[in-house]
1. Assuming a strict under-25 Å limit between Cα atoms, what lysine pair count do you get for the chain once near-sequence pairs (fewer than 8 apart, same chain) are dropped?
2. Which percent of the accessible area of the chain is formed by carbon and sulfur heavy atoms (probe 1.4 angstrom)?
3. Would you mind giving the average projected area, over all directions, of the Cα convex hull of the chain in nm² with one decimal?
4. Taking N as the number of residues in segment 134-290, what value does Rg over Cα atoms divided by 2.2 N^0.38 Å take?
5. Determine the order of Trp19, Trp7 by accessible area, beginning with the largest, at a probe radius of 1.4 Å.
6. Assuming 0.36 nm per residue, please report the length gained on full extension of the stretch Leu14 to Ala275 beyond their Cα-Cα distance.
7. Quick one: what Rg and Dmax do you get for segment 38-158 from the alpha carbons, in Å?
8. Can you compute the modelled spin-label distance between Ser212 and Asp136, with each label point 7 Å from Cα toward Cβ, in nm?
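The values are calculated or read from the model by the stated rules, or taken from the named source; none is laboratory data. What you see is a predicted model, and the numbers here were worked out from it, not measured in a lab. So basically every Cβ, Gly included, is an ideal-geometry build from the backbone, and we count neighbours across all protein chains shown. Just so you know, the surface numbers come from the protein's heavy atoms only, side chains and all, with ligands and any DNA or RNA stripped out. Shrake-Rupley method; radii C 1.70, N 1.55, O 1.52, S 1.80 Å.
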Amino acid sequence: MDFEPWWLIFVPVLFALGWLAARFDIRQMLRETRSLPDSYFRGLNFLLNEEPDRAIDAFVEVAKLDPETTELHFALGSLFRRRGEMERAIRVHQSLLNRSDLPAAEREHAQHELAQDFLKAGMLDRAESGFEQLKDTRYALPALRSLIRIFESEHDWPRAIEAVKTLQGLVDEPVPQIVHYYCEQAQSALSSKPADIEAAHKALDAADHALSAIDAASSRGAMVRTAMLRARLALIEQDPKRERLYLESVMTDAAEYSGLVAEQVLANYRAANQAEAGLEVLQKQYERHASLDLFNVLFRELRVQQGAAPAWTFARSALRSHPSLLGLDRLLEAELANPEGGADHVPVPGADLTLLRSLIHKHTQRLDRYACRSCGFQARRFYWQCPGCNAWETYAPRRLEELE
Ligand SMILES: [Zn+2]
């Protein structure tokens, strides 16, 4: 076909069409943008300016205008939950679940969110049944982990153990606190009246079995606890030799925990009429690993067995090598409680011990505590599980003063 000059007329026409098409696209885009409610942009703006309260108000308005936007509902729900506005979070997620047109995947997502709301709101029954329903979904793992936390907080150890086993059947995930679950079972078996010896043995065997599956570094506390419970069981079974073996295994294998068993060690030796030998064991242990709790037991026992003078000699040298206000406080406390011991011996001539103690005690009260490494919760007694954050083995067996 030959080129006809009049065809050139199409060139500007094509240009014009292209220009029109481009304009149409831009218009379309502008129209779509305009169809997004203003509140959406206001919300974004508030978020960027770090004003979450006002952002939430704006987004709530968008959600009202466009109830189909599930993503926005999910985002709002988890924002509410993070901010502790549980009623609102629950309402958002429940309204999502009430929709008949919600696809299965989003329904599971909403169910998981709702269960987390209930958990955070402390409605454990509803949280539990919510997580149970997710067993065969893609939320099975996080649901199981939450269930473990719930059973733990309900002190339902058999179910907690079952849930850990199910979890470990699904993934290779170490759950070192399972040893403590068995220890809790053993402890309540030993505390029941009369003690349930058989149940305690069974639980402790399971604890040992679980211990062998975790690495030594992360199981130190659990190992100590198991040995301490074995010692207690041996005492109930009137087997002091075995009790001593377990107590001394703690001092050999985990010297930093000696303070927790020192009293029992002494009681064991005393019961065998070997009080002096027991004192000697503790003195050696103190030389190997000095700690305040051990210092207290030793000082008191020295005073009972040998009198004020040797006790003070020990205390002076101990405080010289490990200066401790708490140690001094305990020492003065013991001295003031037994003034008759000092009749023939004035430990600090001319000193007003009562005044000295009241001065020191004021300062030591806040140091005389164990503290959680994870949340900082402080307690006068030692805990295997922090009452503040529910984490396991976050307490070092040392007083605050010794940690500084
Ligand atoms: Zn804590």
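1. Values: Lys120/Lys135; Lys120/Lys165; Lys135/Lys165; Lys165/Lys202; Lys193/Lys202; Lys193/Lys241; Lys202/Lys241; Lys241/Lys284.
Lysine pairs satisfying the spacing and distance rule in the chain number 8.
2. Details: 12790 of 23010 Å².
Of the solvent-accessible surface of the chain, carbon and sulfur hold 56 percent.
3. Taking the Cα atoms of the chain, their convex hull projects to 36.1 nm² on average.
4. Details: Rg = 18.3 Å, N = 157, 2.2 N^0.38 = 15.0 Å.
For segment 134-290, the normalised Cα radius of gyration comes out at 1.22.
5. On the way: Trp19 155, Trp7 85 Å².
Order by accessible area, largest first: Trp19, Trp7.
6. Numbers: separation 261, 0.36 × 261 = 93.96 nm, distance 10.88 nm.
Gain in length upon complete extension: 83.1 nm.
7. In Å, with Rg to one decimal and Dmax whole: 15.7, 54.
8. 3.6 nm
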